[in-house]
Amino acid sequence: MRAIILAAGFGTRLKPLTLTKPKPLLEIRGVSLLENMITHLRHSGVEEIILVSGYKHELFAPIVKAQGLTQLVFPDYGLCNSSQSLLFAKDYLCKGSIILNGDLYITQGFCHLFKKNASQFLAQKIPPNTTAWGYIVDANYKILDIDTNAQEGYGDGIAYFDNERDLGHFINALQQCHKDEYWEQAVLDTLQEINYYAFFHDNLYTEIDSFSDALYHALLTPEEIAQQCADDGKATRLAGITNTNYLIHFNNTPQVIRIPGLHTEQVIDRDKEAKILDIIAPLGIAPESRFYGSGIKMSDYLSDYKPLDFAQISDEILGQIASKLLALHSIKHTSYPHFEPILLCDEIAKYEALAQIKLATPQEHKRLTSIAKKLDTRELVLCHRDLQLPNILYNGKHIMLIDFEYAGFACIEWELGNLAAELELSPSQILTLLHAYNTSPRLITYEDVLCGALLANYIWALWGWVYHRIDLGRMYLARFSRNLAELEELESSSKDQA
């Protein structure tokens with residue numbers, strides 16, 4: 001048997017790692033994908049291995065030499081898809097050829113599963129939330145058709161050609177493929193000429209198309225991702241609740257790499273976050289960031305800035321925060337109507353559905369909903385929506401804001417209420433903040449801030465239940481109860497004065 005490993009592409013969805021090395025050199029449990037693949041092939045008796053490389057091909061040299069591989073360098077890897085990479089190796093295609101994509105993490109030997117004298121795939125179950133080429137087979141596992149947008153069933157897989165006649169038809173079809181097509185298109189185009197089979201086997205391999213794949217299958221930890229992206233393999237853990245953050249050196253510059261927490265896609269739109277950071281870039285209120293696949297973000301590390309702490313909250317600091325928020329809030333939803341607004345009634349419903357619980361009594365919930373409906377009629381501006389101390393950086397002179405993952409177009413009351421709650425501002429500090437902030441035509445009142453804090457604390461309490469941070473959920477729930485009591489006291493006082 002002979003194996004052809006396709007490893008020419010950029011590995012775009014594994015950036016930033018693949019900015020410095022090709023995808024098959026990603027390490028799982030201390031061994032690269034390529035070396036792991038070679039080990040399993042050798043144990044199965046495969047002696048001849050052809051590596052079709054392209055992007056950063058020179059980095060494969062140590063493995064090629066140590067393992068005695070035949071390395072081909074496909075020069076047009078940047079312009080073509082895998083059909084042309086395999087076509088470049090067509091002279092090595094013969095009876096008994098295995099074809100593997102270079103991003104497979106193989107977990108067990110598989111050559112004993114091949115059917116002799118047949119063209120076939122060892123297919124695996126399509127993972128959740130994944131689109132793949134799914135095989136439609138008959139009772140004898142002969143492929144009748146291929147669903148190129150399958151989201152369930154069995155698909156993709158390790159290919160094995162063990163029929164000379166079939167190979168002739170296949171290579172001819174491969175030569176007809178457009179440069180942008182996957183090599184599997186030649187399979188689809190020859191279903192009438194070749195009897196292909198798909199044999200279903202679970203747990204043979206995991207395709208590592210993105211860091212999300214590796215995290216989902218628990219093959220990599222966030223720390224290992226950060227270490228492999230670092231120039232020196234070192235990563236220093238930084239603060240973070242929703243995500244895991246590390247300080248690394250990347251391309252000789254200090255960077256903060258953010259690896260999203262599992263299941264955060266339920267409440268966070270990473271694409272929207274990237275667009276919002278582009279919008280606010282001219283304001284100079286946040287460090288420059290770059291986004292990659294799987295929601296990974298790299299930001300410039302501001303070495304002289306540290307997270308704000310409670311002891312540093314002063315009138316001057318509150319004035320700086322107000323100034324930053326005025327700049328941010330100057331961006332109106334009317335200028336960006338294609339962004340879906342963040343309405344408080346919707347947020348309550350969303351988080352209650354995710355948490356599968358309501359954390360307020362029926363009477364409290366009625367009050368909460370009434371306030372949310374009122375605030376949902378207010379002007380929508382671009383808000384950060386998560387201004388807790390770790391997201392406010394201070395260098396002794398200036399403030400910077402980070403982590404805009406919850407940002408969106410919402411009401412000012414939420415923003416200031418959430419800020420007051422997270423910074424645990426006293427009534428006098430809230431009034432100081434409002435004095436600095438109220439330079440716009442519409443004045444925000446103390447009661448407005450209290451209403452915003454009430455809603456923010458309730459929604460963040462639900463967040464705690466969603467992500468199994470019951471400790472945080474209880475803290476926010478206690479704040480919510482205090483907000484309710486203060487609102488009732490304010491209303492009672494107003495009635496007495498009337």
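Check segment 66-81 and report whether any residue there is surrounded by fewer than 16 Cβ atoms within 10 Å (Cβ to Cβ), assigned to a loop (DSSP other than H, G, I, E, B) and aliphatic (A, V, I, L, M). Looking through segment 66-81, at least one residue is surrounded by fewer than 16 Cβ atoms within 10 Å (Cβ to Cβ), assigned to a loop (DSSP other than H, G, I, E, B) and aliphatic (A, V, I, L, M). For segment 430-449, the count of residues that are crowded, with 17+ Cβ neighbours inside 10 Å, within 29 Å of the chain's Cα centre (by Cα), in contact (Cβ under 8 Å) with a residue 12 or more places away in the chain and not in a helix (DSSP H, G or I) is zero. So, GLU193, is that one surrounded by fewer than 16 Cβ atoms within 10 Å (Cβ to Cβ), touching a His at 6+ places or on another chain (Cβ under 6 Å) and assigned to a loop (DSSP other than H, G, I, E, B) or not? Yes. Residues considered: ILE276, ILE268. Of these, the only one that is buried (at least 20 other Cβ atoms within 10 Å of the Cβ) and within 18 Å of the chain's Cα centre (by Cα) is ILE276. Please indicate, with yes or no, whether at least one residue in segment 156-172 is more than 17 Å from SER97 (Cα to Cα) and crowded, with 18+ Cβ neighbours inside 10 Å. There is no residue in segment 156-172 that is more than 17 Å from SER97 (Cα to Cα) and crowded, with 18+ Cβ neighbours inside 10 Å. Could you please let me know if TYR467 is closer than 28 Å to ASN243 by Cβ, modelled with pLDDT of 95 or more and not charged (D, E, K, R)? Taking the combined requirement at face value, the residue does not satisfy it.
Pick from TYR141, TYR92: which is over 31 Å from the mean Cα position of the chain (by Cα) and on the phi > 0 side of the Ramachandran plot? None of the others qualify; the one that does is TYR141. Taken together, THR148, THR130 contain a single residue that is among the β-branched types (Val, Ile, Thr) and part of a loop (DSSP other than H, G, I, E, B), which is THR130. Within segment 353-373, the presence of at least one residue that is among the aliphatic types (A, V, I, L, M), surrounded by fewer than 16 Cβ atoms within 10 Å (Cβ to Cβ) and either part of a loop (DSSP other than H, G, I, E, B) or touching a strand residue (DSSP E or B) at 6+ places or on another chain (Cβ under 6 Å) (or both) is confirmed. Just checking, does segment 16-23 include any residue being closer than 17 Å to GLU181 by Cα and either assigned to a loop (DSSP other than H, G, I, E, B) or at pLDDT 95 or above (or both)? No, segment 16-23 contains no residue that is closer than 17 Å to GLU181 by Cα and either assigned to a loop (DSSP other than H, G, I, E, B) or at pLDDT 95 or above (or both). When segment 151-173 is filtered for residues that are closer than 23 Å to TYR205 by Cβ, outside any strand (DSSP E or B) and either over 34 Å from the mean Cα position of the chain (by Cα) or not assigned by the TED database to the domain that holds PHE110 (or both), the ones remaining, listed by number, are ASP162, PHE170. Checked against the criterion of being of a type outside the set (Val, Ile, Thr), closer than 26 Å to LEU167 by Cβ and in a helix (DSSP H, G or I), the candidates LEU59, LEU87 yield just one match: LEU87. Residues considered: SER303, SER294, SER299. Of these, the only one that is among the small types (Gly, Ala, Ser), modelled with pLDDT under 95 and assigned to a strand (DSSP E or B) is SER299. Among the residues of segment 100-108, are any assigned to a loop (DSSP other than H, G, I, E, B), closer than 29 Å to SER212 by Cα, in contact with a Lys or Arg (Cβ under 8 Å, 6 or more places away or on another chain) and of a type outside the set (A, V, I, L, M)? Yes, segment 100-108 contains a residue that is assigned to a loop (DSSP other than H, G, I, E, B), closer than 29 Å to SER212 by Cα, in contact with a Lys or Arg (Cβ under 8 Å, 6 or more places away or on another chain) and of a type outside the set (A, V, I, L, M). Can ASP315 be described as among the acidic types (Asp, Glu) and farther than 28 Å from ILE257 by Cα? So ASP315 passes the test. Apart from one condition, ASN117 fits all of (1) in contact with a Lys or Arg (Cβ under 9 Å, 6 or more places away or on another chain); (2) in a strand (DSSP E or B); (3) surrounded by fewer than 17 Cβ atoms within 10 Å (Cβ to Cβ); the exception is (2).
Could you tell me whether CYS451 is over 29 Å from SER289 (Cβ atoms) and not assigned by the TED database to the domain that holds ILE285? Judged against the criteria, CYS451 is a match. For beta carbons closer than 8 Å, sequence separation of 6+ or different chains, a first residue in segment 380-405 that is surrounded by fewer than 17 Cβ atoms within 10 Å (Cβ to Cβ) and a second that is among the polar types (S, T, N, Q), the qualifying pairs are HIS398/GLN320.
Touching a strand residue (DSSP E or B) at 6+ places or on another chain (Cβ under 9 Å), modelled with pLDDT under 95 and not in a helix (DSSP H, G or I), is that true of ILE259? It is true that ILE259 is touching a strand residue (DSSP E or B) at 6+ places or on another chain (Cβ under 9 Å), modelled with pLDDT under 95 and not in a helix (DSSP H, G or I).
Per this entry, VAL52 is counted among residues that are in a strand (DSSP E or B) and either buried (at least 18 other Cβ atoms within 10 Å of the Cβ) or touching a residue at least 12 places away in the same chain (Cβ under 8 Å) (or both).
Can you work out which of the residues in segment 214-230 that are assigned to a loop (DSSP other than H, G, I, E, B) and surrounded by 13 or more Cβ atoms within 10 Å (Cβ to Cβ) is farthest from the chain's Cα centre (by Cα)? Per the stated criteria, the residue is ALA230. Looking across ARG29, ARG13, one residue alone is basic (Lys, Arg), surrounded by fewer than 19 Cβ atoms within 10 Å (Cβ to Cβ), over 14 Å from CYS111 (Cα atoms) and within 19 Å of the chain's Cα centre (by Cα). It is ARG13.
The values are calculated or read from the model by the stated rules, or taken from the named source; none is laboratory data. Just so you know, these numbers come straight off a predicted model, no measurement behind them. Neighbour counts run over all protein chains shown; Cβ positions are idealised from the backbone, glycine included.
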